[in-house]
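To start, the structure itself, in structure tokens.
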């Protein structure tokens, strides 16, 4: 039988306001009931039926709350998620899932013991470009992939006054954007044999890493994952070479940009990219444009709902969650030691 999942959201910044609240609002399986904001009341301005509370303990002590979404700074993810699981709540955790492999394993073990869902918010699995790449691979239009290169670049020459730029406990670009790229690679190709990393600071007066080049070695392919905060031309997303063809894709998924315009994700043609962002497929027979599948973050919440009610397991598996954390740690160690490390 269908049921409505009562949701408590910790934090109403970029993630809470533009990634979670709009999708929860239009999904009949969820009700955003309470939001933790320390000083403001922006959630109530977004939806007057939402109750603002000042502490996460209010969510833990509310027996009607089924799911807690942890959208607070990275250094709080582990503590808030652990407390939620101990209180019998399912958890959806913004990336990174935790700040270490050890913490991630503890959360997953606790969730298993309690019979609860603990899942990272890996929304980039549902970007238009990544959905299109999965379709190309499923249809074998590229053949066997021999090299996969993924970029998530930005141009931010000035250091922001933000924990993401300054807090050593979970800050830095590898923890911020790395989980997206690593998770996508694992979702496509499974666990690697070895990891190497170049993690550094490239901006003047930078405090934490703002550039990474992480390489995953497989028996039959190489995966290159790159991000820089000093890329003036940052449109490149993917370069994929296979035995049958090559695929090149520019342009970031439009769902975030659309949500920032206060457009709810129940509008027609949600997530449909403009033709100018379609990728190019090159084969021995010639070159063609590949229309993108629409981006669709609804799929993440649909999977989360079905996992909570026990229909199917979460799409992001515990093995994949732990692999992301291990690769982050190995890439950091590799960058420091200048060695390729076995996974």
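The values are calculated or read from the model by the stated rules, or taken from the named source; none is laboratory data. What you see is a predicted model, and the numbers here were worked out from it, not measured in a lab. No Cβ is skipped: glycine too gets one built from the backbone with ideal geometry, and neighbour counts run over all protein chains shown.
Within the stretch 245-259, the presence of at least one residue that is assigned by TED's automatic domain parsing to the domain that holds residue 150, in a loop (DSSP other than H, G, I, E, B), more than 19 Å from the chain's Cα centre (by Cα) and farther than 21 Å from residue 15 by Cα is confirmed. Residues that are more than 17 Å from the chain's Cα centre (by Cα) and not assigned by TED's automatic domain parsing to the domain that holds residue 16 are absent from the stretch 315-328 altogether. Checked across the stretch 15-33, the condition of being surrounded by fewer than 19 Cβ atoms within 10 Å (Cβ to Cβ), assigned by TED's automatic domain parsing to the domain that holds residue 107, part of a loop (DSSP other than H, G, I, E, B) and modelled with pLDDT under 95 holds for no residue. Say whether the condition of being closer than 30 Å to residue 200 by Cβ and not assigned by TED's automatic domain parsing to the domain that holds residue 89 is met by at least one residue in the stretch 279-286. So far as the stretch 279-286 goes, yes, one or more of its residues are closer than 30 Å to residue 200 by Cβ and not assigned by TED's automatic domain parsing to the domain that holds residue 89.
Reported count of residues in the stretch 165-195, each being surrounded by fewer than 18 Cβ atoms within 10 Å (Cβ to Cβ) and touching a residue at least 60 places away in the same chain (Cβ under 8 Å), is 6. Could you tell me whether residue 81 is in contact (Cβ under 8 Å) with a residue 12 or more places away in the chain, within 22 Å of residue 296 (Cα to Cα) and in contact with a helix residue (DSSP H, G or I) (Cβ under 6 Å, 6 or more places away or on another chain)? No: the conditions fail for residue 81.
Comparison of 276, 227, 335 shows that the only residue that is in a helix (DSSP H, G or I), in contact (Cβ under 8 Å) with a residue 12 or more places away in the chain, under 20 Å from residue 129 (Cα atoms) and not assigned by TED's automatic domain parsing to the domain that holds residue 29 is 276.
With respect to the stated conditions, residue 299 is in contact with a helix residue (DSSP H, G or I) (Cβ under 8 Å, 6 or more places away or on another chain), at pLDDT 95 or above, part of a helix (DSSP H, G or I) and more than 30 Å from residue 211 (Cβ to Cβ). What about residue 45, is it outside any loop (DSSP other than H, G, I, E, B), surrounded by fewer than 21 Cβ atoms within 10 Å (Cβ to Cβ) and either modelled with pLDDT of 95 or more or out of contact with any strand residue (DSSP E or B) (no Cβ under 6 Å at 6 or more places or on another chain) (or both)? So residue 45 passes the test.
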